[in-house]
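Novice: One structure is given below, represented as structure tokens, and several questions about it will come after.
The values are calculated or read from the model by the stated rules, or taken from the named source; none is laboratory data. As the structure is a prediction and not an experimental result, all values here were calculated from the model. Reconstructed Cβ throughout: ideal geometry from the backbone, glycine too, with neighbour counts over all protein chains shown.
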Amino acid sequence: MIIENNQPDPHKWVEAHADYLYAYARARINDDELARDLVQETFLAALEKVKNFEGRSSERTWLTAILRNKVIDVYRKKSSGLVNIDVKQAEEEQADFFDENTGHWTAERAPQPFGIEDSDPLTAKEFNRILMLCMQKLPALWLSVFTMKHIDEESTDTICSELKLTSSNFWVIIHRAKLNLRACLQKNWI
């Protein structure tokens, strides 16, 4: 079903959508300049495809979908050529984190409470700032996988398909990313 009078108006895009699109890109890329470039590329791509817009969604949803594809292209580019992770090696590296029999955290490596259980907005803002700084320290592929899984809430199959990963590599990467983020947060937050 096509929504009536839902035609895009390119003259209003920057004013109506630029800040939102920039925040969307920035949260996923962690690079101000690249995020700005992606928003500009999104507007250009949308301008080229404006006649194909069928009105099945809002302008913002349509523009966000274009931007999302551009972000995934950046993830692909950053992850291409990276060596696949050997699952056996990863298991050996992380053996001291988990009990061999139960698979649960060892007592000395168990996560500590972060102390953000309260609803203080200033505390949450500071925590998010530190989380973003910790995320920036992740290797490009790990950041891409973590962002797609936990910010964009993409399925594992979609992530593996988009980034050309095996399921085993995906689980190793997401696990390593979480361990690194946890260590960084415990060092810089607790």
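Novice: Looking for something among the aromatic types (F, W, Y), modelled with pLDDT of 90 or more, assigned to a helix (DSSP H, G or I) and under 23 Å from M148 (Cα atoms) - is there at least one such residue anywhere in region 36-58? Walk me through it before giving the result.
Specialist: We begin by selecting, within region 36-58, every residue among the aromatic types (F, W, Y); these are 43, 53.
Checking the rest, the ones that are also modelled with pLDDT of 90 or more come to 43.
Subset that is assigned to a helix (DSSP H, G or I): 43.
Applying the additional criterion that residues be under 23 Å from M148 (Cα atoms) yields 43.
Yes, some residue in region 36-58 is among the aromatic types (F, W, Y), modelled with pLDDT of 90 or more, assigned to a helix (DSSP H, G or I) and under 23 Å from M148 (Cα atoms).
Novice: List, please: which pairs have Cβ atoms under 6 Å, are six or more places apart or on different chains, and start with a residue in region 24-52 that is in the same structural domain as I66 (by TED's automatic domain parsing) and end with one that is part of a helix (DSSP H, G or I) and of a type in the set (S, T, Y)?
Specialist: R28/T147; A35/Y22; V39/Y22
Novice: While we're looking at this one, here's another question. Specify the residue that is farthest from A124 (Cα to Cα); the eligible residues are those in region 147-190 that are in contact (Cβ under 8 Å) with a residue 40 or more places away in the chain and of a type in the set (D, E).
Specialist: Within region 147-190, the match that is farthest from A124 (Cα to Cα) is E162.
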